[in-house]
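One structure is given below, encoded as structure tokens.
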Amino acid sequence: MLTTHFPTRDPDPVQLLDPSGHRVTHPDYALDLSPEEYRALYRDLVRIRRVDAEATTLQRQGELGLWASLLGQEAAQIGAGRALRPQDFVFSSYREHGIAWCRGVPPIDLLGFWRGTAHGSWDPYRAGMANYQVVVGGHALHGVGYGMGLRLDGADGAVLVCFGDGATSQGDVHEAFTYAAVFDAPVVFYCQNNHWAISEPLTRQTRVPLYRRAFGYGFPGIRVDGNDVLATLAVTDAALEHARSGSGPVLIEAVTYRMAPHTTSDDATRYRSPDEVAEWAARDPIARLRACLEREALADDAFFADVAAEAERLAVQLRTECRSLPDPRPTALFDHVYAGPHPLIDTERAQLTAFLDQFTDRSTDRFTDRFTDRFTDRPEGPGSWS
Ligand SMILES: Cc1ncc(C[n+]2csc(CCOP(=O)(O)OP(=O)(O)O)c2C)c(N)n1
Ligand SMILES: [Mg+2]
């Protein structure tokens, strides 16, 4: 007879603010924020949701090729993002617009990637955040390598590696867990469990809650209510401090929900029920913080009106900036594949140039007009760093 030793009960996810906006206490985590800081979190949440909505609309109007919405995951991202310090570094996938926001990446710099005018528009070293990664889970290894480098340099920073529930099934993530554990890499693995990996539900990724994976590798795992910005901030802050202090990696599972389809190319109604979506809508991360601010008189109507107006201005600005992003020179595609010259790249560049050179009559050929008249590199413009 086989004897099993599975834990039978998982602790509830860490929560400091319940879905109705009441604060709750937790024995291990607390936050001591000023009224200004509570309001700042609310402003972050509202503004990044508005940026996300505008990007979705821009895609629908043909201005972006694709967009991956963060709708519903604002608290998971803003809480984690606001826990970061300047010396930390982020490796993320493609949905972490809220984290990028907290790193000071201007929203327009997110859009070039989705418009197809840039491979990655922001300077990773300036932002302390690598450009988006679409290869699911691949950047977990980059993050661990970077973390090991921080240790060897004796630097006082930690790495936040963000990925989804689906990514936890990737070999890369498991290899990253092993390396981080045995080398005590200062890495916080931040898994946003939004319950879906495109059309695959969480039940197809795991038999046990994801945070428990950490124990098998020998480091702590914590589950947090990902729709509670206070809890995600408190837990990520503690985990980053743990990593910075040389105690090794941590896995955080932020339990949240992807309210939008996977991307603008997806139709989520084909695989999930409206009831499930409605259930999560009732746990909306912004509504619960607003309820708390109102109940505790931390903000008044004028504040909420100001934030809404500011978010609208941001959306208008983003639309203008997006539509004026210059098309890149076609051969710019090859510029950063390798650091130096490479024979295959040189051949392919020459082939594309020869192809474009066929269209010499600029007055009659739209293709030529569009692709060869705008050879300017991206100027310092709306999305540039101030
Ligand atoms: C290695 C790899 N396999 C498959 C894909 C296709 N793909 C893109 S996103 C995605 C689902 C990822 O789900 P999850 O990790 O839960 O992140 P979420 O999109 O929910 O944020 C898949 C399978 C990919 N980009 N990379
Ligand atoms: Mg997912």
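Each reported figure results from applying straightforward, stated rules to the coordinates on display, with no laboratory input. What you are looking at is a predicted structure, and each value in this text was computed from that prediction instead of being measured. No Cβ is skipped: glycine too gets one built from the backbone with ideal geometry, and neighbour counts run over all protein chains shown.
Taking only Cα atoms, what is the 0 to 90° angle, nearest 10, from helix 285-295's long axis to the longest principal axis of the chain? Helix 285-295 and the main axis of the chain meet at about 60 degrees.
The amide H of Val90, built 1.01 Å from its N in the peptide plane, has Met129, Ala130, Leu160 as neighbours under 5 Å, considering only residues 5 or more places off or on other chains. Just to verify a number: FRET efficiency for Arg272 and Leu71, C-beta to C-beta distance, R0 = 22 Å, to 0.05? Working from the Cβ atoms, E equals 0.95. Database remark: amide H of Val14 closer than 5 angstrom to the amide H of Arg223, Val224, Asp225 (H placed geometrically; neighbours at sequence offset of 5 or more, or on other chains; Pro and chain starts carry no H).
Here is how the number arises for the chain: DSSP H runs of 4 or more residues each give -39500 (n - 2.57), the sum is divided by the residue count, and the result at 222 nm is -13500 deg cm²/dmol. Site pair Ile198 and Asp123 shows an inter-label distance of 3.7 nm when each label is modelled 7 Å from Cα along Cα→Cβ. Reducing region 90-117 and region 267-300 to their Cα centroids gives an inter-centroid distance of 24 Å.
Comparing Tyr38, Tyr132, Tyr271 in a Gaussian network model of the chain where C-alpha atoms under 10 Å apart are linked, the largest mean-square fluctuation is found at Tyr271. If you average the alpha carbon positions of region 1-58 and of region 307-352, how far apart do those two centres end up, in angstrom? If you average the Cα positions of each part, the centres end up 34 Å apart.
The C-alpha atoms of the chain define a longest principal axis, and helix 171-182 lies at about 60 degrees to it.
A Förster radius of 30 Å, combined with the Cβ-Cβ distance separating Gln351 from Thr263, puts the computed FRET efficiency at roughly 0.45.
In order along region 297-308, the Karplus-derived 3J(HN,Hα) couplings, from 6.51 cos²θ - 1.76 cosθ + 1.60 at θ = phi - 60°, round to 6, 8, 8, 10, 4, 4, 4, 5, 5, 4, 5, 4 Hz, and Gly and Pro are given as x. Taking 7 Å steps out from each Cα toward its Cβ at Arg9 and Glu36 produces label points 4.4 nm apart.
Grab the other residues whose beta carbon is less than 14 angstrom from that of Arg313, score K and R as +1, D and E as -1, and report the net. Mind showing how you got there, number by number?
Working: positive: Arg43, Arg47, Arg50, Arg319; negative: Glu54, Asp306, Glu310, Glu312, Glu321.
Cβ neighbours under 14 Å give a net charge of -1.
Computed from Cα positions, the angle between helix 138-153 and the longest principal axis of the chain comes to roughly 80 degrees. Couplings for region 228-236, taken from phi via the Karplus curve 6.51 cos²θ - 1.76 cosθ + 1.60 with θ = phi - 60°, read 10, 5, 5, 6, 5, 5, 5, 5, 5 Hz in order; Gly and Pro are left as x. Residue order for Thr347, Thr206, Thr8, fewest other beta carbons within 10 angstrom first, comes to Thr8, Thr347, Thr206.
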